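Here is the structure we will look at, set down as structure tokens.
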Amino acid sequence: IFPDLAPWVLGAAVLWWAAATFLVLTFPQSAVHWSSIATKLVIGLLILLPAWQGLVLIKAMPLGNWLIMAVMVLVWGADIGAYFSGRKFGKRKLVSPGKSWEGVFGGLLLSLLITAAVGVVRDWSASQMFAALAGAAVIVLISVVGDLTESMFKRQAGVKDSSNLLPGHGGVLDRIDSLTAAIPVFAVLLWMAAS
């Protein structure tokens, strides 16, 4: 994507993920808003293009590879924390039967602990620590929306897996659904922090 379009692409992504949050929280009633093929195509573009553009922008930043690793670690930490806390405490279910609010809170807690540990090791100031924890919370919560959005689409389509390319893993989209939401928002937060 042309550099001049990057702010528009990432801005569209932020708006889309805000709308997706509403769609996920109101599913299955919300399905009427995105049932047409044209709407699904637009949603696909709003998910995949900004994720790619966000990666390109992050990669071009100082320490770009480390920043890409940071967003991945945040998302992976959230997934791991959600899995274990959801299995142990999960009662209030979300869109997918395997996901719960307790899992969301457990994932958020683990990612915040990872962020705090990095801050201590890197000797961040109190303001830097606060900003990093707030940013991490936003990234984790939007990554959950990405995960639940894909689950919502699969449930509406009546399928268990998004593809057969990775058997037992829910398909390729299950490996990247959280990242497609987290990466563009992470890029926007980095841009705001640098401004």
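Go through the residues of the range 51-63 one by one and say whether even a single one is among the polar types (S, T, N, Q) and over 16 Å from Val145 (Cβ atoms).
Yes, the range 51-63 contains a residue that is among the polar types (S, T, N, Q) and over 16 Å from Val145 (Cβ atoms).
Every residue in the range 117-144 that is of a type in the set (Phe, Trp, Tyr) and out of contact with any helix residue (DSSP H, G or I) (no Cβ under 7 Å at 6 or more places or on another chain), please.
Across the range 117-144, the qualifying residue is only Phe130.
For the range 32-59, enumerate the residues that are among the β-branched types (Val, Ile, Thr) and open to solvent by 70 Å² or more (accessible area, probe 1.4 Å).
Answer for the range 32-59, where residues must be among the β-branched types (Val, Ile, Thr) and open to solvent by 70 Å² or more (accessible area, probe 1.4 Å): Val32, Ile37, Val42.
List, please: which pairs have Cβ atoms under 7 Å, are six or more places apart or on different chains, and start with a residue in the range 24-39 that is within 15 Å of Ala157 (Cβ to Cβ) and end with one that is outside any loop (DSSP other than H, G, I, E, B) and of a type in the set (D, E, K, R)?
As it stands, the answer is Trp34/Lys40, since those pairs meet every condition given.
Could you say whether any residue in the range 65-86 is at positive phi and loosely packed, with under 13 Cβ neighbours inside 10 Å?
Within the range 65-86, none of the residues are at positive phi and loosely packed, with under 13 Cβ neighbours inside 10 Å.
Of (1) more than 18 Å from Gly98 (Cβ to Cβ); (2) surrounded by 15 or more Cβ atoms within 10 Å (Cβ to Cβ), Gln128 satisfies all except one. Which?
Gln128 satisfies every listed condition except (2).
Which pairs do you get when a residue that is modelled with pLDDT of 95 or more, found in the range 122-135, comes within reach of a residue that is of a type in the set (Val, Ile, Thr) and open to solvent by less than 70 Å² (accessible area, probe 1.4 Å), reach meaning Cβ atoms under 8 angstrom, with the pair 6+ apart or on two chains?
What qualifies is Ala132/Thr115; Ala132/Val118; Leu133/Thr115.
Kindly indicate the residue of the range 87-112 that is open to solvent by less than 40 Å² (accessible area, probe 1.4 Å) and free of Cβ contacts under 8 Å to residues at least 24 places away in the same chain and also farthest from the chain's Cα centre (by Cα) among those meeting that condition.
Of everything passing the filter in the range 87-112, Gly90 is farthest from the chain's Cα centre (by Cα).
Restricting attention to helices (runs of 4 or more DSSP H) lying wholly within the range 1-117, give those where 1 or more residues are of a type in the set (Gly, Ala, Ser), touching a Leu at 6+ places or on another chain (Cβ under 9 Å) and at pLDDT below 90.
Passing ranges, in order: 6-25, 64-89.
The values are calculated or read from the model by the stated rules, or taken from the named source; none is laboratory data. These numbers were taken from a predicted model, which means no experiment stands behind them. Cβ atoms come from the backbone with ideal geometry, glycine included; neighbour counts cover every protein chain shown. Keep in mind that these areas ignore ligands, DNA and RNA; they rest on the heavy atoms of the full protein, side chains included. Shrake-Rupley method; radii C 1.70, N 1.55, O 1.52, S 1.80 Å.
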